[in-house]
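Step one of this worksheet: look at the structure below.
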Amino acid sequence: MPLRKSFLFAVIMLAFFINTKTLRAMEIANELTLTDNYDFRSDPFLLKWTFEMKNGPQKEVTAGPASLEEKILDRWKQKQAHLWTQLPKEKFAINASAYTAAADECGKNDGVTASGLKVAQKRTLACPASFPFGAKINIEGMGEFRCEDRGGAIKGNKIDIYMETKKEAFAFGRRNLLAEVIE
């Protein structure tokens, strides 16, 4: 029996609370109509709500980068905007060598490049500082790579191509090749 009484008391209190709030809302509405010249037809919140109800909720379109890699490259593109205009327009000669992510070469062995991206075979290049991070370069006979790293000795026309193993890097050696910026 005590449970029934407490339930009944809760229902009565809820009804009282709802009535009190309803009365207060009506008082505020009356105050608004008496003191302000409120026109519901120009209420931005009401208009937004009305159109959402009529057309369904409007989703914000974000045309930004989706992955962490794209976000990092987008940030670099903004920071290095001045470098993009200075890239060579035609084919150019490079002096290519290879490197690995070994601690004795890089001073660390986590594989994180100067741009903040993780190295990847057949993708990562260490380019001179005149090349912006994210620039895509086609190297004849090698394929497409992306400038993601820097190096102390990478100046002028020197470019380092990332390779997984030291065996591959030594086998590659140093080569004079033709390259072209494609993006």
How many of the residues in the stretch 134-150 are in contact with a Pro (Cβ under 9 Å, 6 or more places away or on another chain) and either farther than 20 Å from K77 by Cβ or surrounded by fewer than 21 Cβ atoms within 10 Å (Cβ to Cβ) (or both)? 1
The stretch 161-183, subset within 12 Å of Q121 (Cα to Cα) and within 29 Å of the chain's Cα centre (by Cα), residue surrounded by the fewest Cβ atoms within 10 Å (Cβ to Cβ): E164
So, in the stretch 98-133, exactly how many residues are polar (S, T, N, Q), in contact (Cβ under 8 Å) with a residue 40 or more places away in the chain and surrounded by 15 or more Cβ atoms within 10 Å (Cβ to Cβ)? 2
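No lab work stands behind these numbers, since they all come straight from the coordinates. Model, not experiment: these values are computed from the prediction. Glycine gets a Cβ as well: all are built from the backbone with ideal geometry, and neighbour counts include every protein chain shown.
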